[in-house]
Structure formats: structure tokens, C-alpha cells
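The values are calculated or read from the model by the stated rules, or taken from the named source; none is laboratory data. Here the structure is a predicted model, which means the values were calculated and not measured. FYI the Cβ positions are ideal-geometry reconstructions off the backbone, even for glycines, and counts take in every protein chain you see.
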């Protein structure tokens with residue numbers, strides 16, 4: 001599949017532009033971070049993603065759409081395990097994928 005991954009510190013913000021390659025297609029975030037709870041500068045990361053014409057996906061299970069509307073911050077797609085906050089006790093298996101304006 002010829003896929004490579006570049007890891008970055010969660011507090012990188014706009015400096016993520018320095019890590020982008022000509023073949024970068026997706027930037028994946030999770031804010032707040034699972035177990036570590038770093039809050040990323042999602043609007044800044046999204047702005048750099050848009051400049052590079054790549055998509056920005058976020059895993060949004062700690063900051064639910066009730067409290068943090070990632071699509072309003074520039075995210076193209078959110079992935080959420082609804083077993084956490086929405087359902088409450090992981091006794092139901094459900095999740096969601098929500099799309100915004102995906103970059104072309």
C-alpha cells in the first residue's frame with residue numbers, strides 16, 4: 001500500500017507544516033489525547049492541512065460533539081466511539097463517523 005506515518009508531538013500546532021511531505025494526504029489528531037489529555041491546537045493544524053491540500057481527521061471520543069464541535073474548527077472528518085460519553089458504560093457497541101467539507 002506504500003503508506004508511511006510520521007508521528008508528531010501533540011502540542012505542535014502550526015509547526016506541523018515542517019513535517020508535511022509532498023505526498024502527505026491526511027493529518028490525524030486526537031484532542032484531548034487519550035490517557036495523556038493534551039489539548040491540540042486543532043484550528044492551527046487544520047489551517048496547515050488546508051494549505052497543503054490534505055484532509056484532517058480527528059478521533060473525538062473524549063471531547064464529545066456535545067462540548068466540542070470539531071467540524072466547526074476546520075476538521076474534515078470526526079471518528080467517535082459513542083461507547084464512552086454518549087452511552088456511558090461501554091455496554092453498547094456504537095460509534096459514528098461525521099464528515100464536513102473534505103479537501104479535494
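Some notes on this structure:
- The residue of region 2-42 that is farthest from residue 73 (Cα to Cα), among those that are loosely packed, with under 14 Cβ neighbours inside 10 Å and in contact with a helix residue (DSSP H, G or I) (Cβ under 8 Å, 6 or more places away or on another chain), is 6.
- Among (1) in contact with a helix residue (DSSP H, G or I) (Cβ under 9 Å, 6 or more places away or on another chain); (2) outside any helix (DSSP H, G or I); (3) surrounded by 14 or more Cβ atoms within 10 Å (Cβ to Cβ) - the single one residue 47 does not satisfy: (2)
- Screening the candidates 90, 104 for the property of being on the phi > 0 side of the Ramachandran plot, in a loop (DSSP other than H, G, I, E, B), surrounded by fewer than 12 Cβ atoms within 10 Å (Cβ to Cβ) and at pLDDT below 85 yields one hit, 90.
Residue by residue, here is whether (1) under 12 Å from the mean Cα position of the chain (by Cα); (2) in contact (Cβ under 8 Å) with a residue 40 or more places away in the chain; (3) at negative phi holds:
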| site | (1), (2), (3) |
| --- | --- |
| 2 | no, no, no |
| 10 | yes, no, yes |
| 17 | no, no, yes |
| 20 | no, no, yes |
| 26 | yes, no, yes |
| 32 | yes, no, yes |
| 37 | no, no, no |
| 40 | yes, no, yes |
| 65 | no, no, yes |
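- Complete set of residues in region 50-61 that are closer than 24 Å to residue 19 by Cβ and either modelled with pLDDT under 90 or under 11 Å from the mean Cα position of the chain (by Cα) (or both): 55, 56, 57, 58, 59, 60
- Per-region count, region 1-29, residues farther than 10 Å from residue 52 by Cβ, in contact with a strand residue (DSSP E or B) (Cβ under 7 Å, 6 or more places away or on another chain) and assigned to a loop (DSSP other than H, G, I, E, B): 0
- Residue match in region 50-65 (condition: surrounded by fewer than 12 Cβ atoms within 10 Å (Cβ to Cβ) and in a loop (DSSP other than H, G, I, E, B)): yes
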